[in-house]
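The numbers here are math on the coordinates, done by the rules we state, and not lab data. The structure displayed is predicted, hence computed values, not measured ones. Neighbour counts run over all protein chains shown; Cβ positions are idealised from the backbone, glycine included.
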Amino acid sequence: MTSMEFEGRTEREAVAKAAAELGSESFDVEVLEKSGGLFGRNKVRIRVRTLSAIPDPMASGDSSSAGSVKSKKQNNRPAQKESRPVERKKRVEEPEVDIDPPEEKVLKAVSSFVEGMIERMGY
């Protein structure tokens, strides 16, 4: 089992960095530290554990192995779907509705209800 640590502004960003660097999305994530800062300067540190050994292209010194790691990352991307132009729908104008003012007895009922609520609240 191999583990590595990654940092990001959010958990999602840190996990995305881990997935991009490892070229895989199958790993266990443990949140090590969450620090909330002022003005959106949050920081999250996670530890990622994988069952297989994580290839380190820089350690081997062989440039062909580094290229094979990159090609694996590219092969993991889903195929893009054909894009079709989006048809915009025309906005339908709604007819103006003439609203009559409420009747006098409705106004009195609402007014007495509100006054009763205010009295019960102690104001």
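Net charge near A109, counting Lys/Arg +1 and Asp/Glu -1 over other residues with Cβ under 12 Å of its Cβ?
-1
Any aspartates and glutamates with Cα under 17 Å of the K108 Cα? List them, leaving off those in the same chain fewer than 8 positions away.
D100, E119
Which aspartates and glutamates, on any chain, are close to K17 with Cα under 20 Å apart, when same-chain ones fewer than 8 places away are left out?
Once the sequence-local aspartates and glutamates are set aside, what remains near K17 is E5, E7, E25, D28, E30, E33, D56.
Modelling each spin label as a point 7 Å along the Cα-to-Cβ direction, I'd like the K90/E33 distance in nm, to one decimal.
Roughly 6.1 nm, to one decimal.
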